[in-house]
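Remarks on the structure that follows.
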Amino acid sequence: MRGSGPEGERYRDGAYYLPTVLDSLPNTARVCQEEIFGPVLIALPFDDEDDLVAQANDSVYGLACGIWTRDHARAWRLARRIDAGTVWINTYKQFSISTPFGGLKDSGIGTEKGRDLIRGYQRQKSLYWATDTTPLPWAGR
């Protein structure tokens with residue numbers, strides 16, 4: 001199946017791509033191995049959880065993952081095993097400024113948002129201030 005752009009005068013000069021679902025591909029297909037930043041879904045069959053995790057992790061990328069299931073225990077197991085910086089369960093593209101966002105492997109450049117990002121902009125300094133005038137025996141005079 002090949003995706004296309006929307007038709008009509010208002011779309012003539014734009015870079016638009018209609019949502020597209022691709023299936024019947026092996027996980028080794030280029031489109032399965034590269035990050036596609038567009039409205040494209042690749043549907044791959046799997047035999048069991050181990051097969052699903054192996055296919056999901058068989059990539060040099062690991063930005064984000066979406067899992068849809070009614071089985072909450074399964075979602076928890078899969079989310080912990082899949083090598084992705086963000087895993088959405090029964091939702092997609094939800095963000096919070098309080099949680100970090102960053103990819104694993106060759107995805108993303110660093111981490112955005114959350115405490116870790118704020119710490120990246122800070123310089124730490126430790127101050128030790130004695131209030132007792134008695135010198136510490138190991139510190140000398």
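Matching residues to (1) farther than 30 Å from R74 by Cβ; (2) among the polar types (S, T, N, Q):
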{"position": "G14", "(1), (2)": "yes, no"}
{"position": "T20", "(1), (2)": "no, yes"}
{"position": "P26", "(1), (2)": "no, no"}
{"position": "I36", "(1), (2)": "no, no"}
When every residue in region 111-138 that is outside any loop (DSSP other than H, G, I, E, B) and on the phi < 0 side of the Ramachandran plot is compared, the one most open to solvent (accessible area, probe 1.4 Å) is R115
Pull out all pairs, ordered by first then second residue, where Cβ-Cβ is under 7 Å, the residues are six or more apart or on different chains, the first lies in region 113-141 and is over 14 Å from F101 (Cα atoms) and free of Cβ contacts under 8 Å to residues at least 24 places away in the same chain, and the second is open to solvent by 90 Å² or more (accessible area, probe 1.4 Å) and of a type outside the set (D, E).
P135/R141
Taking region 60-73 only, how many residues are in contact with an Asp or Glu (Cβ under 7 Å, 6 or more places away or on another chain) and farther than 16 Å from E35 by Cα?
0
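The values are calculated or read from the model by the stated rules, or taken from the named source; none is laboratory data. Computed from a predicted structure; not experimentally measured. Please note: Cβ atoms are built from the backbone with ideal geometry, for glycine as well, and neighbour counts cover all protein chains shown. In case anyone asks, the SASA skips ligands and DNA or RNA and just uses the protein heavy atoms, side chains included. Shrake-Rupley method; radii C 1.70, N 1.55, O 1.52, S 1.80 Å.
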